[in-house]
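Here is the structure we will look at.
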Amino acid sequence: MNFELTEEHLAVRDAAREFAQNELLPGVIERDEKQQFPAEQVKKMGELGFMGMMVDPKYGGGGMDTISYVLAMEEISKIDASASVCMSVNNSLVCWGLEKFGTEEQKQKYLKPLASGEKIGAFCLSEPEAGSDATSQRTTAEDKGDYYLLNGTKNWITNGNSASIYLVIAQTDREKGHKGINCLIVEKGMEGFVVGKKEDKLGIRGSDTHSLMFTDVKVPKENRIGEDGFGFKFAMSTLNGGRIGIASQALGIASGAYELALAYSKERKAFGKPISQHQAIQFKLADMATEIEAARLLCLKAAHLKDQKKDFAKASAMAKLYASKVAMDVTVEAVQVHGGYGYVKEYHVERLMRDAKITQIYEGTSEIQKIVISRELLK
Ligand code: CAA
């Protein structure tokens, strides 16, 4: 067992750290306040290769491994979780699924602009009445011969407006249950497709989360991913990988908050000495650092299994379950270490605390991760 990162891994981590410090930190508080999508910054992330990190270079990607992706996600999430969720969805849920299960034509037409960061993708599974219970899709994709007629509404879609390529999960044959579900590639601008209201959220406020409406949208048959009825399996497989991305986001939120708390504790004086010299604060820092290290190891283990082409469904669910809890716990403690300053926007930790909560909800709630883990245990 080797815990050392390679030179290449360290270079990716440093590049992501530098980008986050120089390009994402300025304006992050304002973007959160104004609910402003970091469009310019995401464009630069594409130019630097962060939007299609694991995609084969022949399709415009970076050809990197999942470990590199975890390292970059952590660094970017330390500073701006709104930018990192856009990155995670594009990399894990859209590019990975297209590369693994798409046809050569789909890869040429859709994967290339997504992997190079020229376009942004969205993954559309959740509905007003189908969140955790993903088989209960109400959106329908009626088979009309050479096209599908798409009707329905999707909710809480990350990159809802900034995307131009959407992977939409819909029911074709209700009687077949999950085997009657398809995944269709839908382009912005297709007739009958409307981007709906933007959600006003607690955290990740720079990320654009929208509802989407489809009314008699004609989607060509060649835009279906995989065989007829493969849509649910497609969604579950991509989510296994997506959970590594969100676990790494949670890890980054936690480690960003911890680094701020550590630095602040050395500066702030109380009772005649820096608060870092008080055991009450030292114990908090020790707990935070230990939990973060454990979360990091779970993220890297899941990434390692995926890179080794081994089964990683349980490992990615464990990483997400644990890292998202750590994100919540550590950010609350980071606010506490900052005292009154932690409660105001200028010090960043209150935003990280708000951002942390979503990591326990999207790409499967913590309860869903426990279902995935326990099913694997009981197999
Ligand atoms: N990996 C691969 N395949 C899987 C799988 C997994 N993790 N989980 C289930 N499957 C397969 C099963 O093997 C089964 O296939 P067979 O019939 O061939 O055996 C099929 O899928 C159906 O499985 P189940 O009967 O177990 O399905 P279920 O209805 O009981 O649901 C569930 C299982 C785990 C609860 C699933 O519905 C789930 O993961 N729900 C959560 C959905 C979710 O994560 N939503 C998040 C939305 S996306 C998002 O948040 C993106 C964003 O904006 C950031």
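The values are calculated or read from the model by the stated rules, or taken from the named source; none is laboratory data. Keep in mind it's a predicted model, so treat the numbers as computed, not measured. Cβ atoms come from the backbone with ideal geometry, glycine included; neighbour counts cover every protein chain shown. Only protein heavy atoms, including side chains, enter the accessible area calculation; ligands, DNA and RNA are left aside. Shrake-Rupley method; radii C 1.70, N 1.55, O 1.52, S 1.80 Å.
Applying the condition of being open to solvent by 50 Å² or more (accessible area, probe 1.4 Å) and over 13 Å from D133 (Cα atoms) to region 366-375 and asking which residue is nearest to the ligand (Cβ to nearest atom) yields R375.
Could you go through region 303-314 and let me know if any residue there is open to solvent by 20 Å² or more (accessible area, probe 1.4 Å), in a helix (DSSP H, G or I), in contact with a strand residue (DSSP E or B) (Cβ under 8 Å, 6 or more places away or on another chain) and of a type outside the set (A, V, I, L, M, F, W, C). Within region 303-314, not a single residue is open to solvent by 20 Å² or more (accessible area, probe 1.4 Å), in a helix (DSSP H, G or I), in contact with a strand residue (DSSP E or B) (Cβ under 8 Å, 6 or more places away or on another chain) and of a type outside the set (A, V, I, L, M, F, W, C).
Restricting attention to region 103-153, which residues are away from the ligand (no atom under 16 Å from the Cβ) and crowded, with 22+ Cβ neighbours inside 10 Å?
We begin by selecting, within region 103-153, every residue away from the ligand (no atom under 16 Å from the Cβ); these are 103-113, 115-119, 140-151.
If the condition is that a residue be away from the ligand (no atom under 16 Å from the Cβ) and crowded, with 22+ Cβ neighbours inside 10 Å, then Y110, L111, A115, G117, A141, Y148, L150 are the ones that fit.
Just checking, does region 280-303 include any residue being on the phi > 0 side of the Ramachandran plot, more than 28 Å from the chain's Cα centre (by Cα) and either within 16 Å of the ligand (Cβ to nearest atom) or not small (G, A, S) (or both)? For region 280-303, residues on the phi > 0 side of the Ramachandran plot, more than 28 Å from the chain's Cα centre (by Cα) and either within 16 Å of the ligand (Cβ to nearest atom) or not small (G, A, S) (or both): absent. Any idea which residue in region 336-365 is nearest to the ligand (Cβ to nearest atom), counting only those that are under 18 Å from S77 (Cβ atoms), in a helix (DSSP H, G or I) and open to solvent by less than 20 Å² (accessible area, probe 1.4 Å)? So, considering only residues that are under 18 Å from S77 (Cβ atoms), in a helix (DSSP H, G or I) and open to solvent by less than 20 Å² (accessible area, probe 1.4 Å), the one nearest to the ligand (Cβ to nearest atom) is D355.
Here S207 passes the criteria (1) open to solvent by 50 Å² or more (accessible area, probe 1.4 Å); (2) in contact with a strand residue (DSSP E or B) (Cβ under 8 Å, 6 or more places away or on another chain) except the one numbered (1). For region 239-256, which residues satisfy the criterion of being more than 9 Å from the chain's Cα centre (by Cα) and of a type outside the set (A, V, I, L, M)? Within region 239-256, N240, G241, G252, S255, G256 qualify.
Is it the case that M87 is within 13 Å of the ligand (Cβ to nearest atom) and either of a type in the set (S, T, N, Q) or within 25 Å of V195 (Cβ to Cβ) (or both)? Spelling it out, M87 is indeed within 13 Å of the ligand (Cβ to nearest atom) and either of a type in the set (S, T, N, Q) or within 25 Å of V195 (Cβ to Cβ) (or both).
Among the residues of region 252-267, which ones are touching a residue at least 12 places away in the same chain (Cβ under 8 Å) and more than 13 Å from H348 (Cα to Cα)?
Correct list: G252, L262, S265.
Every condition in (1) surrounded by fewer than 23 Cβ atoms within 10 Å (Cβ to Cβ); (2) touching a strand residue (DSSP E or B) at 6+ places or on another chain (Cβ under 8 Å); (3) outside any helix (DSSP H, G or I) holds for L202 except the one numbered (2). Scanning region 285-296 for residues that are in contact with a helix residue (DSSP H, G or I) (Cβ under 9 Å, 6 or more places away or on another chain), without any contact (Cβ under 8 Å) to a residue 60 or more places away in the chain and open to solvent by 50 Å² or more (accessible area, probe 1.4 Å) yields a total of 2. Total residues in region 96-136 satisfying the condition of being touching a strand residue (DSSP E or B) at 6+ places or on another chain (Cβ under 7 Å), closer than 24 Å to A39 by Cα and not small (G, A, S): the figure is 6. Within region 214-257, the set of residues being of a type in the set (V, I, T) and within 16 Å of the ligand (Cβ to nearest atom) comprises I225, T238, I244, I246, I253.
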